[in-house]
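Working notes for the structure below.
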Amino acid sequence: MGMFDDAVPGGNITKPIMIALGALLVGKVLGGFGQGADAQAPEQPQQAPTADDGGLAGGLGGLLEKLGSAGHGKTADSWVRPGQNDPIAPGQLGDALGSQTISDLARRAGVSETELLEQLSRVLPGVVDKLTPQGQVPDRQTLDSFFRSALGS
């Protein structure tokens, strides 16, 4: 599991959080966990499925956009660029992601929403930093294989 170990203060990322990160950053669930990425929540037919709607559609790029529109663009930039990563508070991350995405990710990972946000806000800066070594956001294929190897699937 070593790839992300030094991305996180205090060591490793738990499997549930890896699953949530994969869903969030790659835009789909990896490792055959849950019902797969295309199991759209049936209780939201009133929303057109635009790219930033489900939260899971946009992957890493979509996440960075969301953070930008929530006023955390500078913070997100610091993760992408080499150098210090600015922290983000669980509440700020929750606001940026939106409650639908949070409950979806928490359900997929099998943790509470509070736990999910606490863990994600702790690991996300380092993980995004690792995923963007030259300050470039990688394409989905790259992200996909990255998480597959990290999850050992």
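Taken together, the values in this text are just the output of simple stated rules run on the coordinates, not laboratory data. None of these values were measured; they are calculated from a predicted model. Note: ideal-geometry Cβ built from the backbone for every residue, glycine included; neighbour counts use all protein chains shown.
Listed from fewest to most Cβ neighbours within 10 Å, the set 127, 137 follows the order 137, 127.
Using 0.36 nm per residue and subtracting the Cα-Cα separation, the extra length available between residue 136 and residue 84 on full extension is 17.1 nm.
Within the shell defined by Cβ-Cβ distances under 11 Å, the residues around residue 94 carry a net charge of -3, with Lys and Arg each +1 and Asp and Glu each -1.
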